[in-house]
Amino acid sequence: MSTYHHGDLRAALLRAGSKILEKDGVAGLSLREAARRAGVSHNAPYRHFPDRDALLAALAAEGFALLENEMRGLGARAMGEVYIRFALQHPQRFRLMFGGMIPAEKYDVLRLSGQATYQSLVNAFKDLPQPERAAAAAWSLMHGLAHLLLDGHFRPAQETAGGRENLVREILATVRFAVRS
């Protein structure tokens, strides 16, 4: 394999890692394979990621940033729909972000990006007496529903004519805090 100087190796490794993650899951992701796909030597990733967990933490943090960006400025119900859509479109990254595989306290970027995403949800409930509690309730519903859908607990017959997105809208609309958006 020929290697070359890479203009933005960190970004290239994250792109490669993201593709591996979504195709093969966390178990299939290694620094060596990310390097191979980025077209660099197997030692090159260590300049940016001291170990596999650091790459996983960066991928999870990137996921939180993507999710927070998609949720920014939306009302609570719309945030719920975006959250669940994100989980369904990026199931492996979603599981990485919330699966407890990477200790957030060890990686500031992961901890801070997760907090920023959650703060967006809290902000959607800022007019309520306890916005943190409302956000926790909404998050619990969204997260649980996302996992139930990912794990196949709703059969197609249980989904409405509009498919999963319509099912998600209907479920979120039945909950009082989701209706206020």
Ala104 being closer than 24 Å to Ala61 by Cβ, surrounded by 15 or more Cβ atoms within 10 Å (Cβ to Cβ), at pLDDT below 90 and within 17 Å of the chain's Cα centre (by Cα): yes
Filter pass, Glu81 being within 29 Å of Ala137 (Cβ to Cβ), modelled with pLDDT under 95 and surrounded by 15 or more Cβ atoms within 10 Å (Cβ to Cβ): yes
Among residues of the range 103-150, those that are of a type in the set (S, T, N, Q) and touching an Asp or Glu at 6+ places or on another chain (Cβ under 6 Å), counted: 2
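Could you say which residue among Leu112, Leu96, Leu88, Leu74 is outside the structural domain of Ala35 (by TED's automatic domain parsing), farther than 19 Å from Val168 by Cβ and surrounded by fewer than 18 Cβ atoms within 10 Å (Cβ to Cβ)?
Leu112 is the lone residue from the list that is outside the structural domain of Ala35 (by TED's automatic domain parsing), farther than 19 Å from Val168 by Cβ and surrounded by fewer than 18 Cβ atoms within 10 Å (Cβ to Cβ).
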Hey, Gly17 part of a loop (DSSP other than H, G, I, E, B) and not assigned by TED's automatic domain parsing to the domain that holds His153 or not: no
The one condition in (1) closer than 22 Å to Ala116 by Cβ; (2) touching a helix residue (DSSP H, G or I) at 6+ places or on another chain (Cβ under 9 Å) that Ala38 fails to fulfil: (1)
Check on Leu9, at pLDDT 95 or above, surrounded by 13 or more Cβ atoms within 10 Å (Cβ to Cβ) and not polar (S, T, N, Q): no
Wholly within the range 33-127, helices (runs of 4 or more DSSP H) carrying at least 1 residues that are without any contact (Cβ under 8 Å) to a residue 60 or more places away in the chain and more than 21 Å from Leu145 (Cβ to Cβ): 52-71, 108-124
Any hit, the range 164-180, residues being within 18 Å of His90 (Cα to Cα), assigned to a helix (DSSP H, G or I), modelled with pLDDT under 85 and not β-branched (Val, Ile, Thr): yes
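The values are calculated or read from the model by the stated rules, or taken from the named source; none is laboratory data. The structure presented is a predicted model; accordingly, all values stated were derived computationally and were not measured. Cβ sites come from the backbone with ideal geometry, for glycine too, and all protein chains shown count toward neighbours.
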